[in-house]
Amino acid sequence: MLSTALQWLGDGMKAPSEDIKDIMEGSASGLTLTFATDLFIGHMPPSPDKCVTIYDTSGYPAELDYTYQRPTFQIKVRGNKGGYRAAHELAQAIRDLLHGTHNENVNGARYILIAIESDVGSIGPDEQERPQFTVNFRAHRTEA
């Protein structure tokens, strides 16, 4: 059983955050996010003010052979100081892009479904008074 899991993991399955980054960057939704410029994974840098970070969260147990996973992830949006409305709208646009995504093949994974777990919510301003929002998602994925 362990060898099956290790073989599957060794076949190139990436962290969900990597896949979500690629979905967001490659979308025709009008989002103009660029990885390492204003779109990040796992860490929100001090600048730029307006940016988005994708965090892998704990998820739900995978099937015993790890071929069917149920990961979760969080999107955090930070806006410019005084840009509450624009930051909220960006978080909503990301929610609308990802919620309901289904049968999408990305980086060797097939996303059966991506759905919101909790809607856009304010987590208050950061130390520089920049507005911050999060939206949480769950996914069902297997090998493509």
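No value in this document is a laboratory result; all are computed from the given coordinates. Everything quoted here is computed from the prediction, not taken from an experiment. Please note: Cβ atoms are built from the backbone with ideal geometry, for glycine as well, and neighbour counts cover all protein chains shown.
List of remarks:
- Once Rg and the Kirkwood radius are both taken over the C-alpha atoms of segment 48-94, their ratio Rg/Rh works out to 1.22.
- Note on the chain: with a GNM built from Cα contacts shorter than 10 Å, the maximum mean-square fluctuation among Lys76, Lys14, Lys50 falls on Lys14.
- Cα→Cβ-extended label distance, 7 Å offset, between Asp49 and Glu89, nm: 1.6 nm
- With both residues required to sit in the chain, DSSP beta bridges show an antiparallel share near 90%.
- Cα gyration tensor of the chain - equivalent ellipsoid semi-axes, whole Å, descending: 29, 14, 14
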